[in-house]
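Each remark here refers to the structure printed beneath this line.
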Amino acid sequence: MEIDNVQFLLQSGAATLSGLLMGLERKFKGKPAGLKTNMLVALGACAFITISLLFKDAGGTDMTRIVGQIVVGVGFLGAGVILHGEDNNKVKGLATAATIWCSAAAGCLAGFGLYLSLLYFTVFVVMINLVFGYLNRKVKKHADDPDD
């Protein structure tokens, strides 16, 4: 069992770039988990996929288990950024937690070498965070407007 170093660098670079783009959007918005967190989650997921692929031809190996464990493991990280606010009992950090979860998915896509899917996925995540973040602010501003 051996890892192709060029392929590993390509997969790791793609995962890291995807995590960077997702984290950059969070960082610009001043959210609790930004660049490093999203990059490391994507890179770590990619590494776990790469390791699991070493055993793809081994008898009795279930390749889906590592993906399932990544999903479960990253849930603990996401839970750490969700805060129960003291102001009107609002929950904060759900979008950041979801973005961390998506960073793990991006790392899995990179680890499996699904680069075009990774590109589309990354664009969707960043666009959702940008567009719906803007819409959320507009709706909140409208809801808080005392003139209504």
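Summary table below
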| read-out | value |
| --- | --- |
| Thr37 being buried (at least 18 other Cβ atoms within 10 Å of the Cβ), farther than 17 Å from Val123 by Cα and polar (S, T, N, Q) | yes |
| Test: residue in segment 91-102 that is at pLDDT below 80 and either touching a Pro at 6+ places or on another chain (Cβ under 8 Å) or loosely packed, with under 12 Cβ neighbours inside 10 Å (or both) | yes |
| Cβ-Cβ under 8 Å pairs, at least 6 apart or on other chains, segment 23-47 side in contact (Cβ under 8 Å) with a residue 24 or more places away in the chain and in a loop (DSSP other than H, G, I, E, B), far side crowded, with 21+ Cβ neighbours inside 10 Å and of a type in the set (D, E, K, R) | Ala33/Arg26 |
| Residue list for segment 44-66, restricted to those being under 17 Å from Tyr115 (Cβ atoms) and either surrounded by 22 or more Cβ atoms within 10 Å (Cβ to Cβ) or not aliphatic (A, V, I, L, M) (or both) | Ala45, Cys46, Ile49, Thr50 |
| Segment 3-22 - residue that is farther than 17 Å from Thr122 by Cβ and touching a residue at least 24 places away in the same chain (Cβ under 8 Å) and, of those, nearest to the chain's Cα centre (by Cα) | Phe8 |
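The values are calculated or read from the model by the stated rules, or taken from the named source; none is laboratory data. All values reported here derive from a predicted model rather than from experimental measurement. Heads up, the Cβs are rebuilt from the backbone with ideal geometry, glycines too, and the neighbour counts pull from every protein chain shown.
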